[in-house]
Amino acid sequence: MLTNLPTWTTDRIELLKSHFEAGLTCREIAASIGVSRNAVIGKLSRLQLTRRELEAAPRPVRAARERARNRRLLLGAADR
């Protein structure tokens, strides 16, 4: 008879944390623990473990201005 065993036992969570701190990839952690890569990613997210803070790079103003200018030129050309 099949029983529902918890995927994330305390032992697996400790392994997850130690492997994560050691710098293993999610794929390597998953293979070591015996769960899917998505399970590892989800658990890391729920534990609020991240590799680093990602900063959104500011969007260059010049590129945005050039796109707006090009749109105006294209729309103006369509009116002719």
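The values are calculated or read from the model by the stated rules, or taken from the named source; none is laboratory data. If you're wondering where the values come from, they're calculated on a predicted model, not measured in any experiment. Side chains are part of the model used for accessible areas, which takes the heavy atoms of the whole protein and leaves out ligands, DNA and RNA. Shrake-Rupley method; radii C 1.70, N 1.55, O 1.52, S 1.80 Å.
Overview of values
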{"quantity": "Accessible surface of segment 1-42 [probe 1.4 Å, protein heavy atoms]: carbon and sulfur percent", "calculated": "55 percent"}
{"quantity": "Phi-based couplings in Hz for segment 33-38 (Karplus 6.51, -1.76, 1.60; Gly and Pro marked x)", "calculated": "7, x, 10, 6, 4, 5"}
